[in-house]
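A quick write-up on the structure given underneath.
The values are calculated or read from the model by the stated rules, or taken from the named source; none is laboratory data. Being a predicted model, the structure only gives us computed values, none of them experimental. Cβ: placed from backbone, ideal geometry, glycine included. Neighbour counts: every protein chain shown.
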Amino acid sequence: MKRIVILISGRGSNMEALIAARNAGRLPVEIAAVISNRPDAGGLETAARAGIATAVLDHKGFAGREAFDAALAGLIDGYAPDLVVLAGFMRILGEAFVRRYEGRLLNIHPSLLPAFPGLHTHQKALAEGVRVHGCTVHFVTPALDHGPVVIQAAVPVLDDDSEETLAARVLAQEHVIYPQAVRWFAEGRLQLAAGRVRVAGAGGGAAALIAPGD
Ligand code: GRF
């Protein structure tokens, strides 16, 4: 069975969705550890309650990004994962780190990339007046919120949406597509070629889900 390490910085609801999928027998992975760069991340307690090993590596204790990244890689490698899953991990990772885990580092981003990289995606979607928003799971490359797309889910933007209502609609889909993407990886079905992802046995293309409105 494939081993994964999950990196978080906060509440960890995507991590929780992965744990729930594993517990329900829908995600054939061993969650070797959950690592947070913030000692106060709420998700740490959730992981510990689920019987998963947790570790904290506080970025504040490091002089710079490279030193932190190197220590993080050392910690991760101690768990010998096949896949590293960024789930609300709010630190930018340097090029050396990203290259080290090339093809086995996934991220989830709350927008339909390449639209709205970075922070405050829901606010930006509302400000731009887009009618469709969503979320993306992608392999990580050195450019921020960039990389081969594994799966996306689209949701409508409704006239009376606030940042909060839109975020909640997107988050519900994040919890669907992240376990799906990790499952495909665990089943050995993700093929990366020329910057594009193919899902073996899924019609040859990375999938997109269109979620209904509320
Ligand atoms: C999610 O919206 C994720 O896409 C983004 O940060 C948020 C983390 O939420 N990268 P959680 O910690 O998984 O609840």
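Structure notes:
- Test: residue in region 90-108 that is charged (D, E, K, R) and touching a helix residue (DSSP H, G or I) at 6+ places or on another chain (Cβ under 7 Å): yes
- Within the span defined as region 38-49, every residue fails to be more than 11 Å from the ligand (Cβ to nearest atom), hydrophobic (A, V, I, L, M, F, W, C) and farther than 23 Å from Glu174 by Cα.
For every residue, the table says whether it meets (1) of a type outside the set (A, V, I, L, M, F, W, C); (2) crowded, with 18+ Cβ neighbours inside 10 Å; (3) not in a helix (DSSP H, G or I).
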{"site": "Ile76", "(1), (2), (3)": "no, yes, no"}
{"site": "Ile92", "(1), (2), (3)": "no, no, yes"}
{"site": "Leu113", "(1), (2), (3)": "no, yes, yes"}
{"site": "Gln123", "(1), (2), (3)": "yes, no, no"}
{"site": "Ala168", "(1), (2), (3)": "no, no, no"}
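- The number of residues in region 125-155 being surrounded by 18 or more Cβ atoms within 10 Å (Cβ to Cβ) and more than 20 Å from Gln180 (Cα to Cα) comes to 1.
- Against the conditions (1) assigned to a loop (DSSP other than H, G, I, E, B); (2) modelled with pLDDT of 90 or more; (3) surrounded by 12 or more Cβ atoms within 10 Å (Cβ to Cβ), Ala202 satisfies every one except (2).
- Summed over region 88-113, residues that are among the small types (Gly, Ala, Ser) and within 16 Å of the ligand (Cβ to nearest atom) total 2.
- Members of region 9-26 that are touching a strand residue (DSSP E or B) at 6+ places or on another chain (Cβ under 9 Å), within 11 Å of the ligand (Cβ to nearest atom) and among the basic types (Lys, Arg): none
- Evaluation of Ile6 against (1) more than 16 Å from the ligand (Cβ to nearest atom); (2) crowded, with 22+ Cβ neighbours inside 10 Å; (3) of a type in the set (A, V, I, L, M) (one fails), failing number: (1)
- Per the listing Arg99, Arg38, Arg104, Arg3, the residue uniquely over 27 Å from Ala194 (Cα atoms) and modelled with pLDDT of 95 or more is Arg38.
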